[in-house]
């Protein structure tokens, strides 16, 4: 049997010019592993038949498939965008060559160009996103200065892809728990390999912050009795933590904040420990668990922090780690929170 | 260098009773694509006496990551479960052998047993869910009558059930009815696993549509920091998910049936294209809202129609935005088109 890729290769010249046939081949191309080719062919088919509503519906669904929904959240997160723009204005000097990891809509790359960069190289793994970002960049008149590289940063060849090392690195690849978008390995690879020595890095650090908290939504999570059956044996499948929006008024903070880990993103090597314990002092009242959030050190001057109730909206969520059972605390009661990380994941627990 | 599979095989005998080693092993198995073994290993940590909270947290995360969250919402959908319970009470006769496709928490399988089935065989492809359901079933005293088979129903043969079943029950319909594979699963089960003419719950399903004004403007990347991001809009999902009790959704036409499916058919239902005329009641139309109705048995329909006055369904509505809002007059007809490939559904206005 011929492989899917071989069938695609054989079909491709026959479907050219026939938008419906091209669209049928698009799914097969993605299945054969050629995601970038599939995205390009889908765009070609749509361009050939701009008035075909059915084709438009199919093409739109195909292009949106697999595109993370958080791009829409990022666009709405004005505080985040302003924090990055302020840091870029402080750091970018005229004529600089800037590398960005994670293009998304292209907004940070265009900000770097607007701040005076002569050249911006921005890499984006998802081919649909890379293509849309290149269109956004062209529509805003930055195509001459901002180049989208449709690769993972680890695959970039500094000479071939960007004509030499960059003078500044900007990225926004930190997750709610700092680590799970691989910010540590990406920076440890990019800084020595793709930057000139001593180049500034934005953000230069990120911390995982915690505090004791009460959260009433907890009551609704576990399964108990329904229709005369007991479902508690199913509860170990429930996620051990869940997302809470930064503006959620039902979250009650019950202690001062503490940092579990301060990750250094600027040195190219994270050398601090992988285990930490912090003692949190309760202000009294019911404590359901630990709320964890993100703090970004943009540069030596500014931080962007997703702390409970401090922002009207954030594209980052806080993560609630529930205790096995709520604790009714008295003021001054001490609870020790433990954490470990394996460079891509944070684990939090209490004794 | 040893391969990951070799490391797993050499590590496996050394870590019994050691939570830290078991967690490392489970993560290696997961990274190697051995999901069922990884879940088994993670469960061994939970069953250890005195495993450290760190390893318990790691094991729970590994297990929970593999499990869709909607299992928890489905149990709380009282109307859905009540309607299934009533249908099972009507259909199950004492001594029946019942086949269920998609165990989940085990609730429908236990309902079938409680309604009088002598034997319930229930298939669950997700090994973590199958294992948890088995525990739920045992805790409720049904382990002697309800058996969880941890595989896809399409991989099951009648011999493994001790013969063909007298009744099929499933709840594997998705927001668009089709995308959890109800058509191929039922076609296979009716052909290979059921006695001829055996009742099927649900016996059919309908994809319904209506014109509507949505609760919010379609998301538009728009302008951010003085940059025009509208070229990014092509990547936004063509549909929004809304709750059935969404207060800001206003229907602008009567509901119409776009596709009807017979879930008792042996023959393969082909992909299809259909069109319906929706007559506007007047006012702003921003899109098409789509929901499902399932025929539990003839005469008993469960529907997640948009209705803020009813309790929230565990199924979401799908709202397909028009490129631009339309101001319609009462009586104005708009034609809604749909195409399905037995799994995905595309809708458009033409």
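No lab work stands behind these numbers, since they all come straight from the coordinates. The structure presented is a predicted model; accordingly, all values stated were derived computationally and were not measured. All Cβ positions, glycine included, derive from the backbone under ideal geometry; neighbour counts span all protein chains shown.
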- Query: In degrees from 0 to 90, rounded to the nearest 10, what is the angle of the helix B:53-65 Cα long axis to the longest principal axis of chain B?
  - Reply: 50 degrees
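Determine the equivalent ellipsoid of region A:123-227 by diagonalising the alpha-carbon gyration tensor, then write out the semi-axes as square roots of 5 times the eigenvalues, largest first, rounded to whole Å. Please list the in-between numbers first.
Working: eigenvalues 284, 80, 34 Å².
After diagonalising the Cα gyration tensor, the semi-axes are 38, 20, 13 Å.
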- Message: Per residue, how big is the convex hull of the protein assembly as shown when only Cα atoms are used? Give it in Å³.
- Response: 193 Å³
- Apply the Kirkwood formula to chain B: the hydrodynamic radius equals the inverse of the mean of 1/r over all pairs of different alpha-carbon atoms; give it in Å with one decimal. 22.8 Å
- Item | Shielding by partners, peptide A:235-247 (average Cβ within 10 angstrom, other chains) | 5
- What's the average, rounded to a whole number, of partner chain beta-carbon atoms within 10 Å of each residue's beta-carbon in B:78-84? 1
- Query: With each label point set 7 Å from Cα along the Cα-Cβ vector, what nm distance links residue B:18 and residue A:139?
  - Reply: 5.7 nm
- Message: How large is the translational diffusion coefficient of region A:199-248 in µm² per second when you combine the Kirkwood radius over alpha carbon pairs with Stokes-Einstein at 37 °C and 0.692 mPa s?
- Response: 221 µm²/s
- Message: For q values of 0.13, 0.31 Å⁻¹, compute log₁₀ I(q)/I(0) with the Debye formula on a Cα-only model of region B:195-242, without solvent.
- Response: -0.57, -1.19
- Nearest-ten-degree value, helix A:183-194 long axis tilted from longest Cα axis of chain A: 50 degrees
- So what does the Cα-only Debye profile of region B:45-95 read at q = 0.13, 0.18, 0.19, 0.25 Å⁻¹, as log10 I(q)/I(0), no solvent term? -0.59, -0.71, -0.73, -0.92
- When all C-alpha to C-alpha distances in region B:1-149 are sorted into bins of 10 Å, what percent of pairs does each bin hold, rounded to whole numbers? 11, 33, 28, 18, 9, 1, 0
- Query: Hey, what's the Kirkwood Rh for region A:196-351 if you take every pair of different alpha carbons, in angstrom?
  - Reply: 17.1 Å
- Across the Cα atoms of region A:68-111, what radius of gyration and what greatest pairwise Cα-Cα distance (Dmax) are found, in Å? 11.4, 35
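Using C-alpha positions alone, give me the convex hull volume of region B:215-350 per residue in cubic angstrom.
Details: hull volume 19.9 nm³, N = 136.
Value for region B:215-350: 146 Å³ per residue.
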- Taking a spot 7 Å from the Cα of residue A:248 along the direction of its beta carbon, which residues of region B:239-262 have an amide N less than 11 Å from it? none
- Query: Taking the Cα centre of each part, how many Å lie between region B:2-56 and region A:291-351?
  - Reply: 28 Å
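Over 11 Å apart: what share of the alpha carbon pairs of region A:103-151 falls there, rounded to a whole percent?
Values: 679 of 1176 pairs.
Beyond 11 Å sits 58 percent of the P(r) for region A:103-151.
Could you grab the Rg to Rh ratio for region B:119-225? Cα atoms only, Kirkwood for Rh. Write out the running numbers ahead of the final one.
Details: Rg = 19.5 Å, Rh = 16.7 Å.
We get a ratio of 1.17 for region B:119-225.
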- Volume per residue that the Cα convex hull of region B:230-282 spans, once the total is divided by residue count, Å³: 198 Å³
- Query: Once Rh is set to the Kirkwood radius over Cα pairs, what Stokes-Einstein translational diffusion coefficient, in µm²/s, holds for region B:275-318 at a temperature of 25 °C and a viscosity of 0.890 mPa s?
  - Reply: 191 µm²/s
- Once you average over the residues of B:48-56, how many Cβ atoms of partner chains fall within 10 Å of each Cβ? 3
- Item | Model label zone, residue B:65; criterion: amide N under 17 Å from point 7 Å along Cα-to-beta-carbon; scope region A:242-271 | A:242-243
- Just the C-alpha atoms of chain A: what Rg/Rh do they give, with Rh taken as the Kirkwood radius? 1.04
- Task: Would you work out if region B:133-195 is rounded, prolate or oblate? Take a ≥ b ≥ c from the square roots of the eigenvalues of the alpha-carbon gyration tensor; rounded if a/c is under 1.5, else prolate when a/b is larger than b/c, oblate otherwise.
- Result: oblate
- Run through all the Cα pairs of region B:242-315 and give the fraction in each 10 Å bin from 0, expressed as whole percent. 15, 40, 34, 10, 1
- Longest principal axis of chain A (C-alpha) makes with the long axis of helix A:4-15 (C-alpha) an angle, in degrees to the nearest 10, of 50 degrees
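In percent, how large is the relative contact order of chain B, given Cα pairs closer than 8 Å and 6 or more residues apart?
Across chain B, relative contact order equals 14 percent.
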- Cα-based equivalent ellipsoid of region A:229-291: semi-axis lengths in Å, sorted from largest, via gyration tensor: 30, 20, 13
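Out of every Cα-Cα pair in region A:263-330, what percent are more than 17 Å apart? Write down the numbers at each step before the final one.
Working: 1437 of 2278 pairs.
Every Cα pair in region A:263-330 considered, those over 17 Å come to 63 percent.
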- Projected-area mean, region A:12-100, by convex hull of Cα positions, square nanometres: 8.9 nm²
- Using alpha carbons only, what's the Rg to Rh ratio of region A:173-276 with Rh from Kirkwood? 1.14
- Query: From largest to smallest, what semi-axes in whole angstrom does region B:272-350 give when each is the square root of 5 times an eigenvalue of its alpha carbon gyration tensor?
  - Reply: 24, 18, 13
- In Å, the Kirkwood estimate of hydrodynamic radius for region A:158-197 over Cα pairs equals 11.0 Å
